[in-house]
Amino acid sequence: MTQDTTPAPAPRTNTLAGKSLPRWSPIGFAAVSIALAVGLGTVAGWQSKMQWGLLAALFFVVLTYTAASAVEGKRQAKDRVATSVMWVCFILAVVPLASLLWTTVGRGIKVLDGYFLTHSMAGVPGFEAGGGVYHALIGTVEQVGLATLFAAPIGLLTAVYLVEYGRGTLAKAVTFFVDVMTGIPSIVAGLFLLSIMLMFKLQPSGFMGALALAILMVPVVVRSTEEMLKLVPNELREASLALGVPKWRTILKVVLPTAIGGITTGVMLAIARIAGETAPIMLLVFGTQLINSNPFDGAQSSLPFYIWEQYRVGSDASYDRAWAAALVLIAFVMILNLVARGIARWKAPKTGR
């Protein structure tokens, strides 16, 4: 009887249970990278903190890859490097935004109070302290409101046509012109309406500025609404049509209610996009120091125009008013975005378990 001399198979190693870096390692790598960047920047005599930040980001990626390769292997190291690069890009994008917001709040809070929000610049010399932003705030609310009143229905109906009915040459032409309008500079929209004003001898008004803002707003509403309508499952449309419901009623009662949250968000984002436009207002509204609550008669002001106007004066008081108006404009846009998110969550279809 011969003895079996075949070697036993080696035990299979569990690669998922290998060594791994501790959870706090990214924080440690970040601290070491910042220390190295600051030390090297100080020795080299670099004064720019941007250089220190970029050098720290480079050190962070290199340290992460080196340590992960030594402990976890090259495959896991590549994954960690990709994650580290994503974090670095995120921080590089957030830092300028946070710096801008910090500067605006720090400089705008000096004169931002109830008096500033409830008074205009009537009778106040631009180089002296005092005055407020009330007239510009009214102008912005009215002009943006009129632009939304014009652009939202047109954009919504256009998107419904493209998604539900659009076929053939006309749909392609509409899509092409929407794409072209998306890239139109605001000054071009202002010049277009300015030529109409000169042809028909019309006077500057908030209404003309609202028309220019509506031109800029329509393609944004069309694109966002179109994408939201495409996300509605076709099964819902087919089920409604199978019950004998007409197509127009299916769109009105099934498709639009399902996508209303995303449509509202798109409209709010379009409003936020036009709220800071200055060029059309300069050409079509002209601006004024007085309170004009009638957008159809006479010049009006707006927050972007007010900021430019106060910055142009060049005094310390005007600079403070410009920063305060910028803070009001940022708050206005942020409130719109929060409202949009709230409506989107409120109107979102409820999912069952």
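Nothing in this text is a laboratory measurement; each read-out follows from the coordinates by a stated rule. Remember, it's a predicted structure, so these values are computed and weren't measured experimentally. A quick note on method: Cβ atoms are made from the backbone with ideal geometry, for glycine too, and the neighbour counts reach across all protein chains shown.
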Dipole check, region 157-286, charges on Cβ (K,R +1; D,E -1), about Cα centroid: among G206, S186, G244 the Cα furthest to the positive pole belongs to G244
With +1 on the Cβ of every Lys and Arg and -1 on the Cβ of every Asp and Glu, the dipole magnitude of the chain about its Cα centre, in debye rounded to the nearest 20, is 1140 debye
For T83, placing the label point 7 angstrom along Cα-to-beta-carbon and taking region 27-47, residues whose amide nitrogen sits under 12 Å are 27
With the dipole of the chain defined by +1 on each Lys or Arg Cβ and -1 on each Asp or Glu Cβ, the option from M86, P153, S315 whose Cα lies farthest towards the positive pole is M86
Projecting the Cα atoms of F286, I260, Y306 onto the charge dipole of the chain, where Lys and Arg contribute +1 and Asp and Glu -1 at Cβ, the residue farthest towards the positive end is I260
One can check that the equivalent ellipsoid of region 21-108, built from the alpha-carbon gyration tensor with semi-axes equal to the square roots of five times its eigenvalues, has lengths in Å, largest first, of 28, 17, 10
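Let me know the shape class of the chain, please: from the alpha-carbon gyration tensor, a ≥ b ≥ c as square roots of the eigenvalues, rounded when a/c is under 1.5, otherwise prolate if a/b is greater than b/c, or oblate.
Verdict is oblate for the chain.
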Residues meeting the amide H criterion for K110 (H placed from the backbone, H to H distance under 5 Å, 5 or more places apart or on another chain) are none
Over the chain, the sum of -39500 (n - 2.57) across DSSP H runs of at least four, divided by residue number and rounded to 500 deg cm²/dmol, gives at 222 nm -23500 deg cm²/dmol
Per the 1/(1 + (r/R0)^6) rule, R0 = 25 Å and r from the Cβ atoms of A239 and R167, FRET efficiency to 0.05 is 0.65
Ranked on Cβ counts within 10 Å of their own Cβ, fewest leading, R223, R237 go R237, R223
Within region 207-264, DSSP-loop GluC sites (Glu not before Pro) with at most 14 other C-beta atoms within 10 Å are none
Given unit charges at Cβ for Lys, Arg (+) and Asp, Glu (-), the dipole magnitude of region 120-231 about its Cα centre in debye, nearest 20, is 300 debye
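Counting other beta carbons within 10 Å of each Cβ, put Y65, Y165 in order, fewest first.
Y165, Y65
Below 8 Å between Cα atoms, with a sequence gap of 6+, how large is the relative contact order for region 134-347 in percent?
About 31 percent, as a whole number.
With r defined as the distance between the Cβ atoms of F176 and R341 and R0 fixed at 35 Å, what FRET efficiency is calculated, to the nearest 0.05?
0.65
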Per 5 angstrom bin, beginning at 0 and ending with the bin that holds the maximum distance, the Cα pairs of region 155-280 fall in percents of 2, 10, 18, 17, 16, 14, 9, 7, 4, 2, 1, 0
Footprinting proxy, T66, T158: sorted fewest to most Cβ within 10 Å, the residues are T66, T158
Sorted by chain and then number, the residues having a modelled amide H within less than 5 Å of the amide H of Q300, at least 5 places away or on another chain, are G206, G287
